[in-house]
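Report on the structure given below.
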Amino acid sequence: MLDKNELPNDFHRRAKWVNASQFYIIQVEPLEIAEYYWSNMHHVKGHYLTHGRERRFEIFDRWWREKRVNEEENSKIIKFAGLTLDSCFWAKVEEARECVANVRSNSSYEKLEELTELRLAVHPFWTATQFPSLRGGEVVP
């Protein structure tokens, strides 16, 4: 129905459907990520975030971001909940795990920089609270 444009014009702005799509993402996408890496599709296609994510998840994610832009995001509760409800968390962990294995085997500085970026993407809240001297991937004296 979405592809045939049979839905109302404001369908993606209705709270009922945006919240339902977000609930679906939170429940289903981690399972799809697990199946993707369990079946070794990351060796065939590449990592889930860049090559394996289904279009429906990208659309639902876009709806959620558009909804959040319209709401006030300065609440600490909303920010904390956003960190714990990341549906792609395990995909980021798998990508970081493979990057760590590559750094250990090659000891390449380019891969080390990539790992630093992944570390910040996996859990910025943890980094900021546990290691306040680490800001933006650099050590601050």
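The values are calculated or read from the model by the stated rules, or taken from the named source; none is laboratory data. Computed from a prediction, not measured in an experiment: that's the story for all the values here. Note that we place each Cβ from the backbone using ideal geometry, even for glycine, and neighbour counts take in every protein chain shown.
Would it be correct to say that R56 is at pLDDT below 85 and assigned to a helix (DSSP H, G or I)?
So R56 does not fit the description; no.
Going by the structure shown, is V100 surrounded by 13 or more Cβ atoms within 10 Å (Cβ to Cβ) and modelled with pLDDT of 90 or more? Explain how you work it out, then say what you get.
Details: surrounded by 13 or more Cβ atoms within 10 Å (Cβ to Cβ): yes; modelled with pLDDT of 90 or more: no.
When the stated conditions are applied, V100 does not pass them.
To keep it simple, each residue is scored yes or no on (1) modelled with pLDDT of 90 or more; (2) touching a helix residue (DSSP H, G or I) at 6+ places or on another chain (Cβ under 9 Å).
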| residue | (1), (2) |
| --- | --- |
| P30 | yes, yes |
| R65 | no, no |
| R104 | no, no |
| R119 | no, yes |
